[in-house]
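Novice: The structure follows.
The values are calculated or read from the model by the stated rules, or taken from the named source; none is laboratory data. Just so we're clear, the structure is a prediction, and the values are computed from it rather than from any experiment. FYI the Cβ positions are ideal-geometry reconstructions off the backbone, even for glycines, and counts take in every protein chain you see. When the accessible area is computed, the model is the full protein with side chains, heavy atoms only, and any ligands, DNA or RNA have been set aside. Shrake-Rupley method; radii C 1.70, N 1.55, O 1.52, S 1.80 Å.
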Amino acid sequence: MKTIYKLFAVSILTLFSLNSCNEFLDVVPNDFVTLENFFQSNEDLMAATAPLYNKVWFDFNDKFFYGLGEGRSNNLFAPYSDYIYPFTTLTESSLTGPLVSAWQSFYNVVGQANNTLNNIKEKATGVTEEQKNAAIAEARFMRGTAYWYLASLWEDVIIIEDNRILVANPIVPTNPRLDVFEFAIRDLEFAAKHLPQTSSAIGRLNKYSAYAMLSRIYLSRAGLSGNDRNSGQRDPEYLELARKAAEKVCKESNFVLMQHYGDLFRVENNNNSESIFALQWLPGFSSETGYGIINTQQAYFAASSDITGDDAAWGSWTFASYDIMRTYEITDDIRRYATFMARGDHYPELNSANGGYTQDNTDRCYIKKGVTGGPKDTDGKSARMNSALNTYMMRLAEVYLIYAEAVLGNNTSTNDAEALYYFNEVRKRSGMYEKNSISYNDIHYERRIELAMEGQYWYDLVRRSYYRQEEVIGYMNNQDRAAQYLYDKDTHTTTIESQDARPVETATAAKLKLPYPESEVVQNPLLRQTPVPYVFTEPKITDLF
């Protein structure tokens, strides 16, 4: 495979190119190091794993994170965007740029994780076994997370543990989706066992980060319990594992919900009490930071240069979709305001030197979440093409909702006290009334609204399709994916103004997974052949709960 072959040649020099005054990456290895003498201290191990928190994820975060996660699920409407609109209209192809970049990015994560953990295994001296295992656990957490994404998007993909084997023979078959899930689970179970109880530095993972990610993956895996994609049933064993993993985070960790929802998305609150796993982007922009370790999303979302203070504000034709705006409950103003800008909304933290920013340009809703303002608004942390805002990959509110969904399981509704407590904690934060019984539809609403613009909604639909496929396909085909609308925040009404003339393809079972990038298929025709079962050689961890 061309991409994997090229991207896996990751030099150790990469590890030494990311130092800065940023607190998270302020780990400087000794001069004149080589692979043979590098891993001599715990600080060296931390330097080795640092790139796994940003650089390798850049091409995923740059456009695909929201183009797929929000566009394909129809939270976003961007009729003139070639990195959102094809996903919204289900017209993406094996040549769609962000799709190709995401595949490369996920395998960059896999490749760098493999390099890191295998080098630590083979070359680390002067460190304890506990320190080695903790660093390996960081790498395995990242690799397992990348494989969950790959399995969710492409289903059958290539599992790789040693890059050298693939370099020697890049023409290899895929492995079945269930094996990819199992591989991801084993990586994260190792991480849960060996990561420290508390993070070794700000922004670093700990064992509860692994339990949180496990809860998401167990919940997904529960829907793949049989061959009938419309059975309506999930595997009780995996539902219970999801509940147990979420419970560990909810009851044992130091993570705490932020008091105010909107504060989650401000640069000064990076690595806050609710942040379980976030990509760590460096502040500012210079030749020392570089394009690959900054967060470019604000440039694509910001509707005006008044917000950014420069010309990188290309979001004037990127809106919340009609479908999500008509979904908001009337009283859900706090989350709507923090996520999407309606006409008349005022944001004192944007363009603050001039009294704030008021959205007064359109009756459709621009993007707010991920938009942090210019350098004057962020104490110099943001810059052109860089918001400096961490990208949430997992936060505590999601774990609370996972707990509730795992308890609900295959039931129509639940009034379980613990499930209601965690579910209602998420709602109360946003000023919403509490419920005394919850159904799947309640959880579905909370996940969509709470996590909107955080790249998760498409994966929610995919997870549901594992056991209610026809329902999800019907839902997608009734989302009015080409609708342009008028939104009135005072009356909470959303009305269709017109329909974009370009066609929206019909959702089908085949549309629930992405095509392999054409360049990869050309290099490795086995991608389209029957997958080959993966041989697991590592014993299964059995003492996590």
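Novice: Please work out which one of (1) open to solvent by less than 40 Å² (accessible area, probe 1.4 Å); (2) part of a helix (DSSP H, G or I); (3) not β-branched (Val, Ile, Thr) is the condition residue 232 fails and give its number.
Specialist: Going through (1) open to solvent by less than 40 Å² (accessible area, probe 1.4 Å); (2) part of a helix (DSSP H, G or I); (3) not β-branched (Val, Ile, Thr) one by one, residue 232 breaks only (2).
Novice: Residues of region 180-196 being touching a Phe, Trp or Tyr at 6+ places or on another chain (Cβ under 8 Å) and farther than 15 Å from residue 109 by Cβ, which ones?
Specialist: Scanning region 180-196 gives 181, 182, 185, 186, 192, 195.
Novice: Could you list, in sequence order, all residues of region 500-542 that are of a type in the set (S, T, N, Q) and assigned to a loop (DSSP other than H, G, I, E, B)?
Specialist: Scanning region 500-542 gives 506, 508, 524, 529, 530, 537, 542.
Novice: Please find, among 99, 166, the residue that is part of a helix (DSSP H, G or I), surrounded by fewer than 24 Cβ atoms within 10 Å (Cβ to Cβ) and in contact (Cβ under 8 Å) with a residue 40 or more places away in the chain.
Specialist: After ruling out the rest, the residue left standing is 166.
Novice: Sort through 78, 48 and tell me the only one that's within 23 Å of residue 145 (Cβ to Cβ), modelled with pLDDT under 95 and open to solvent by less than 10 Å² (accessible area, probe 1.4 Å).
Specialist: Among 78, 48, only 48 is within 23 Å of residue 145 (Cβ to Cβ), modelled with pLDDT under 95 and open to solvent by less than 10 Å² (accessible area, probe 1.4 Å).
Novice: Which members of region 302-322 meet the condition of being outside any loop (DSSP other than H, G, I, E, B) and surrounded by fewer than 23 Cβ atoms within 10 Å (Cβ to Cβ)?
Specialist: Within region 302-322, 305, 306 qualify.
Novice: Then there's this: Within region 121-158, count every residue that is outside any helix (DSSP H, G or I) and open to solvent by 10 Å² or more (accessible area, probe 1.4 Å).
Specialist: 7
Novice: Considering 526, 461, which residue is open to solvent by less than 50 Å² (accessible area, probe 1.4 Å), on the phi < 0 side of the Ramachandran plot and not acidic (Asp, Glu)?
Specialist: 461
Novice: Follow-up question, since we're still on this one. Restricting to region 23-43, count the residues that are at pLDDT 90 or above and either open to solvent by less than 10 Å² (accessible area, probe 1.4 Å) or in contact with a strand residue (DSSP E or B) (Cβ under 7 Å, 6 or more places away or on another chain) (or both).
Specialist: 0
Novice: Return yes when residue 203 is open to solvent by less than 30 Å² (accessible area, probe 1.4 Å) and on the phi > 0 side of the Ramachandran plot and no when it is not.
Specialist: In short, yes.
Novice: Let me ask something else about it. For region 422-445, which residues satisfy the criterion of being of a type in the set (A, V, I, L, M) and under 24 Å from residue 248 (Cα atoms)?
Specialist: Once the filter is applied, which keeps residues that are of a type in the set (A, V, I, L, M) and under 24 Å from residue 248 (Cα atoms), region 422-445 yields 426, 438, 443.
Novice: Within region 518-540, which residues are within 26 Å of the chain's Cα centre (by Cα) and of a type in the set (A, V, I, L, M, F, W, C)?
Specialist: Once the filter is applied, which keeps residues that are within 26 Å of the chain's Cα centre (by Cα) and of a type in the set (A, V, I, L, M, F, W, C), region 518-540 yields 521, 527.
Novice: Can you find even one residue in region 202-214 that is more than 19 Å from residue 271 (Cα to Cα), more than 23 Å from the chain's Cα centre (by Cα) and modelled with pLDDT of 95 or more?
Specialist: Scanning region 202-214, I find no residue that is more than 19 Å from residue 271 (Cα to Cα), more than 23 Å from the chain's Cα centre (by Cα) and modelled with pLDDT of 95 or more, so the answer is no.
Novice: Which of the residues belonging to region 529-545 are surrounded by fewer than 16 Cβ atoms within 10 Å (Cβ to Cβ) and over 14 Å from residue 157 (Cα atoms)?
Specialist: Result: 535, 536, 537, 538, 539, 540, 541, 542, 543, 545.
Novice: Within the group 143, 164, 177, which residue is out of contact with any Phe, Trp or Tyr (no Cβ under 7 Å at 6 or more places or on another chain), under 11 Å from residue 109 (Cβ atoms) and among the charged types (D, E, K, R)?
Specialist: 143
Novice: Right, next: Hey, residue 452 hits all of (1) over 21 Å from residue 68 (Cα atoms); (2) within 25 Å of the chain's Cα centre (by Cα); (3) among the aliphatic types (A, V, I, L, M) but one; which does it fall short on?
Specialist: (1)
Novice: Could you say which residue among 295, 227, 254 is assigned to a loop (DSSP other than H, G, I, E, B), at negative phi and without any contact (Cβ under 8 Å) to a residue 12 or more places away in the chain?
Specialist: The unique qualifying residue is 227.
Novice: Of all residues in region 368-383, which are over 23 Å from residue 455 (Cβ atoms) and part of a loop (DSSP other than H, G, I, E, B)?
Specialist: 374, 379, 380
Novice: Of all residues being within 23 Å of residue 426 (Cα to Cα), of a type in the set (Asp, Glu) and part of a loop (DSSP other than H, G, I, E, B) in region 325-367, which is most open to solvent (accessible area, probe 1.4 Å)? Just the residue, please.
Specialist: Selected residue: 329.
Novice: Across region 420-437, what is the total count of residues that are within 20 Å of residue 239 (Cα to Cα) and either within 24 Å of the chain's Cα centre (by Cα) or touching a residue at least 24 places away in the same chain (Cβ under 8 Å) (or both)?
Specialist: The total comes to 3.
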